Structure formats: C-alpha cells, structure tokens
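Enquirer: Handing you a structure now.
The values are calculated or read from the model by the stated rules, or taken from the named source; none is laboratory data. Since this is a predicted model, take the numbers as computed values, not measurements. Note that we place each Cβ from the backbone using ideal geometry, even for glycine, and neighbour counts take in every protein chain shown. Ligands, DNA and RNA are stripped out before the accessible areas are found, and what is left, the full protein with its side chains, is counted by its heavy atoms. Shrake-Rupley method; radii C 1.70, N 1.55, O 1.52, S 1.80 Å.
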Amino acid sequence: MEILSHCINCSTAVSTTYCPTCGQKNPPKKISLMNLYTDFQSRVYGFDGMFPQTLRDLTIRPGKVALDYINGNRVKYVGPVGYFFVMLTIFILSLSVFKIDFYALSVASNPFGKTTTTPGQEAATQMVIKIFSENLRIFQFMLVPLTAIWLKVFFRKSGHSMLEMMVPAFYWYGHVEILAIMNVLLFYFTGFTANSISLPVNILYFGFACMSMFGKGAAPFIKGILVYLTSFFTFMLLNGIFVSVYIATSPELREMMKPK
C-alpha cells in the first residue's frame, strides 16, 4: 500500500484518511471558523453532545439516565463519576472566579446566621470550615456511598447491587450542584442565598428521581425523600464526630472555643 504521509500526531505511516493508530485526520484540516466551532462543541460544550443531553435528561428523567448506564449504555451520557466531579469543579471554580469566601457563603446559607458567640469561637469555626472547603471533594464524595447504602435499604427489592446504587447517587448529587452554583451567583450579586428554597428542591428532586427509576406512585417518591434525609443526617452525624475528634486533638482549637 502506498504511503502518503506520516501522522502529524504520532508519526505513524498513514495511507488512509484517518491514522489507524490515533485517529488523527490525514491530512489535517486547515483552521476555519467551522473547525473552531466543531472543536468547541465537541471538546468544551458537551463531550460530543453528551453533556447537554445528560444535563437535560437528569432534569426531566433522572431515573432513566441511571438505569441506562447500569444496563450498559455508556455512550449516551457522561459517566456518573465524571458528571459528579465536573459539576462539583464548576461550583468550586465559581467560588474562585467570584472571589467568594466559603465561610461567608456558609453563614449566609445558614438560616440561623452565625451560631458562635465569641471572636474565639468564630475563629475556631472558620478554621473548621476552612478544612471542609479545602477538602470539599472528599466530603461531598462521602455522600455517595452513604446514599447508595440507603438506596439499597429502601429499594432492596429492585435487585441492584451496592455498586449499581452508586450510579444514581453520583448522577443526582452532581445534578443538584446546579443549585449550589446558582446560590454562588445569587450571593455574589445580592449578598443573600436561596438555601431555604434549594434544600426543599433537592429533597423533592430525590423523590422525583427515585420515582423515575424505581416506579411511579407515592411509595417511591416518599422513599426517595427518606433516602435524601437519612443520607443527609448520617452525613451530618459523621461530620459532627469528625469535628469533635478534631477539636479534642487540637489544643489550639480547644483554647479558642473556651468562653472568654
């Protein structure tokens, strides 16, 4: 076979339209507006169209997205782990881009406002929240196996394994990050958050998602709400234990927490 050229990407001898080793176009196309648009659409805008479709379907039929992936359709949607971390990364980047302090956002999102009474206690709280913000991916990731456990408990008759139950947990927690991102934007422009609205929306979304995945009716909807609430309270309990242990092993924090 006649060799026409060598691949500009991997230097393999190429005699076809595409390199058999890496898939590079041969010869490469010249830069044009259409090339730039196509590259933007496939590389940034949506992973060859998967991201917008994943975003849309997780909004209107979240259970179907999870079931399709579990049943083996791995090219229709962005994978659950990838989607979860993409949305979480967008949230973290939004904090950085708008220069929003995570502690200030946390206080604004707390319906009770500041719960500390002394400057020392406030400084200690800031230190603990800083640890959370610096390890946000880890703490958010903890929610996934916890939720998978409770999904398995409430929907044990579905026949899905624990690992399969992590698929909807990744997808649904990734999707509700949209509200967290909107809260960042709202806080940046107004100084307030809509946390009192976003939390009930998250709860109802989980009920709707479980109804979409495990069958229509009131029972899956109510179980979905219970899955979210039990996962949330289990998560808060574990966080409380972590904070207590951290304070107990930190003389500096214990001193700061003492009433002056």
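Enquirer: Taking only C-alpha pairs under 8 Å that are 6+ residues apart, what is the relative contact order of segment 112-251 in percent?
Expert: 22 percent
Enquirer: Still on this structure, I have one more. What's the extension gain from Met182 to Ser5 if we count 0.36 nm per residue and subtract their Cα-Cα distance?
Expert: So the chain would gain 58.7 nm between Met182 and Ser5.
Enquirer: Now, a different point. Quantify, in whole percent, the carbon and sulfur part of the accessible surface of segment 55-101 (1.4 Å probe; protein heavy atoms only).
Expert: 64 percent
Enquirer: If you roll a 1.4 angstrom probe over the protein chains with everything in place, what fraction of the accessible area of segment 139-256 belongs to carbon and sulfur, to the nearest %?
Expert: With neighbouring chains kept in place, the figure for segment 139-256 is 76 percent.
Enquirer: With each pseudo-label sitting 7 Å past Cα toward Cβ, what's the Ser196-Gln53 distance in nm, one decimal?
Expert: Here the answer is 4.1 nm between the modelled labels.
Enquirer: Let me know the charge dipole size of segment 132-260 about its Cα centre in debye, to the nearest 20, where only the beta-carbon of Lys, Arg (+1) and Asp, Glu (-1) is charged.
Expert: Computed about the Cα centre, the dipole is about 400 debye.
Enquirer: Using a Cα distance threshold of under 30 Å, what count of lysine pairs results for segment 134-260 when pairs must be 8 or more residues apart or interchain?
Expert: For segment 134-260, the number of qualifying lysine pairs is 4.
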